[in-house]
Structure formats: C-alpha cells, structure tokens
Amino acid sequence: MITEEQKQIVKSTAPLLKEHGKEITSIFYKKMFAAHPELLNYFNMTNQEIGTQPLALANTVYLAAENIEQLEVLLPQVKTIAHKHRSLTIKAEHYPIVGEYLLKGIAEYLGDAATPEILDAWGAAYGIIADIFIEVEQEMYDALGDTRNQDFIPFKIANKQDVTPNIFTLNLVRDDGGKLLDFSPGQYISLRVKLDQLFHNRQYSLTKAFNNQYYQVAIKRENEHDPAGVVSNHIYENYQIGDTILATLPAGDFTLNATNNQHTFIAGGIGITPIASMIDSFTKPEGLELIHCVRSEEYAAFSKDFQTQLGAHYHQFAGKKLTKADIEKLVPSGSAIYLCGPVPFMQEVEALLLELGHMRTNIHFEAFQPALSLVK
C-alpha cells in the first residue's frame, strides 16, 4: 500500500528522475549486476554500454511517479514493456531484486537528501508498479499454456538466406516436440546465444505470416556502428542450416489495427521486418500502401516479394529523402499508419504526418531500442 503522503513525496521528487535518471539508474545497474551477476543473462549489454537501457528504466520510473494517482493511463506502455519481459522470461521473483537496487541507486545519488521518508515512499511506489507488471506478464505466460512454452525453446534452423548485403533470414522449426503457436503479424521472437559464459538475448521480427510450419526472422548484421552487433554477427558467422538455437515464442504489441480498412506502412531500412509479416498476411493489395526508405536499391529487403504482391502500392525511396509532398500524395486520409525504423526517421515522419492532419491515434510505432523520449 501507498499512503497519500507518500504519493505526494513521490510526485514532488519525480523531477529528479527526469533530470538525473540516467545517473541514478546507471548506479542501480552497476550495484545489481555486482550482487546478482546471473541477471546479466537477461539484459542487452550493448544497450547498457551506450546508455539506452538506463534511460529506458528512468523513463518508466519517471512516468509512473508522475502518474502515481492514475497508473491506469500507463497501461499501453506497461503492456509494451511486459511483452519484452515475457519474451526474455523475466519472472515475478526478479522484481524484488530490481526494487532493492533501484532504491540503493536513489539513496547513493541523493546522499544525505535521501531521507527515510523519501526512500519509503519510493519503495511503496515501486511495489505498486511491480505488482502491475507481474500481473500483466503472468496473464501473458498463462496464455502460452504448456509450461514448456514459457521458457526458451530449442529451434532448428531449416533455412538461412542472405536477402541484402547486410540482412539475412532464418527459418526456424521447433525442435522439442511442441507446437508452433499462432501469432499476430508484427510480433517478434527472442533469440538466445551463449558468449563468454553469458547468455545474450535479442528480439527479431517475424517476417512471414503464420504458416504452421516455421517462424522466419530477419537479422541485420551490425558492422557499421561501434559497438558492433555482438549477437547478430555471431549468429551469421556461427549458425548454419541444421544447427539448433534457443528462442521464445512470439510477443509484441506492434500489430494490425483490425478496425481499419486502410493501412499505410512506412519503413526505414531494417524497419521493414515487422511490416513484412503484416503485408504477407493480406491476400489482396487493395487498401494497402507500403513506403520503404533505404540507402540504395540493393538494401531494400523483400522488394521483389512486395512488387509481386502490391504492384503500384509499393513505393521504394532508394537514396532519396521522403518529403512532406510524398507523404501527402501516398498516405490516404484516415489510414492506420505503421512506422518502423531508426528513431530519428520515425520522429521526422511523425512530425510530417501530424502537420498534414493525420491523427496521432492512427500512428503506430515499433522501435528497435528502448524509448528515449522523456529523460535525457
């Protein structure tokens, strides 16, 4: 339980999370990993290294603190994160550990300003937030049925194929005797590999609609950034047809709006991957528009399939910028719009869509990194 006085303490100190969130959560992660190194098996250490994971946690805690009296407004964000947690097999027993070290991070950063009243209030608030996540995630686990479905499962690689100079696909067949579960186009699975005595997990979008035979994922090899893609490069170099790789069953809430008859998809680069399964789920091109922005034509994954399926409804922007005039011409009014790609690309396209009068509620996003919008 949390008292009214504690709610006010949390709200009054919430600006600290907005201003110093990265510093506080960086202390938290350092302390938690030192005490519980087994939790390194659940976190993306690349996101730790470049700072996006601490910022994402700070965003979540800050939003919860700001809305401590009406946490129901956060349910959409909670469900997005809960899908990720379920795909990583985060369980209820992990939450008390996170809470303990989050409070230690706050206490260390605030120093003498961290009074017992402040720490007790934040402890009570975290307990409520944790209970919400645990409940939502338990519903997701229960929906999977068989307990075998709730953990990482061995899959055999049935096919591996290069589709662009830096993207390859894997067709995965379940290898433990269990059944493939149906999924919503736009969802992803988590793959797990072991490197240097630690498990590393990454989410990869499913690129074919459910066919009851295999799951197909597309993976981008990350060689052009620092740090390079630890997991994607390892899978490309070390996993071949016939090998076994661990994966969880599909998760994610970037899915089609079933109430809308007009759908427009706008992808930047690798952002085409969740959209590919959405496109694949349709039998006719009517009511669909696909815009794909890539550096050059050879980097346009699945372009031949899209040309065959969509014809004139497929619009490729290779080596040229998508302008406001292009969007005005190609995006029908009232369409459900699905955006996926680098965060700056999505922010720029969203701004143009809003300028053109498209409703924010019709714009849906998928980001391949933790959200960074609030806490800098």
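The values are calculated or read from the model by the stated rules, or taken from the named source; none is laboratory data. Keep in mind that what you see is a predicted model, and the values were worked out from it rather than measured. Because the Cβ atoms are built from the backbone with ideal geometry, glycine has one as well, and the counts that use them run over all protein chains shown. Remember, those area values only see protein heavy atoms, side chains included, never the ligands or the DNA or RNA. Shrake-Rupley method; radii C 1.70, N 1.55, O 1.52, S 1.80 Å.
A search for C-beta distances below 6 Å between a residue of the stretch 87-100 that is touching a residue at least 40 places away in the same chain (Cβ under 8 Å) and any residue that is among the aliphatic types (A, V, I, L, M) and open to solvent by less than 20 Å² (accessible area, probe 1.4 Å), counting only pairs 6+ apart in sequence or on different chains, returns S87/A251. Answer yes or no: is there a residue in the stretch 60-68 that is of a type in the set (S, T, N, Q), under 22 Å from I2 (Cβ atoms), part of a helix (DSSP H, G or I) and at pLDDT below 80. Within the stretch 60-68, one or more residues are of a type in the set (S, T, N, Q), under 22 Å from I2 (Cβ atoms), part of a helix (DSSP H, G or I) and at pLDDT below 80. Filtering the stretch 234-259 to residues that are closer than 19 Å to K156 by Cβ and open to solvent by less than 50 Å² (accessible area, probe 1.4 Å) leaves H234, I235, Y239, G242, I245, A247, T248, L249, P250.
In the stretch 332-343 there is at least one residue matching the filter, namely being more than 20 Å from the chain's Cα centre (by Cα) and without any contact (Cβ under 8 Å) to a residue 40 or more places away in the chain.
Taking the stretch 150-218 and the strands (runs of 3 or more DSSP E) fully enclosed by it, the elements with 2 or more residues that are farther than 26 Å from L39 by Cα and without any contact (Cβ under 8 Å) to a residue 12 or more places away in the chain are at 153-164. Sub-9 Å Cβ pairs linking a first residue in the stretch 67-78 that is under 12 Å from A125 (Cα atoms) and touching a residue at least 12 places away in the same chain (Cβ under 8 Å) to a second residue that is basic (K, R) and open to solvent by less than 80 Å² (accessible area, probe 1.4 Å), at least 6 apart or interchain, are I68/K7; I68/K11; E69/K7; E69/K11, ordered by first then second residue. The residue that is nearest to the chain's Cα centre (by Cα), among those in the stretch 260-297 that are surrounded by fewer than 17 Cβ atoms within 10 Å (Cβ to Cβ) and hydroxyl-bearing (S, T, Y), is S281.
Can you name every residue in the stretch 157-201 that is farther than 28 Å from A258 by Cα, hydroxyl-bearing (S, T, Y) and either touching a Ser or Thr at 6+ places or on another chain (Cβ under 8 Å) or modelled with pLDDT under 95 (or both)? Those that are farther than 28 Å from A258 by Cα, hydroxyl-bearing (S, T, Y) and either touching a Ser or Thr at 6+ places or on another chain (Cβ under 8 Å) or modelled with pLDDT under 95 (or both): none in the stretch 157-201.
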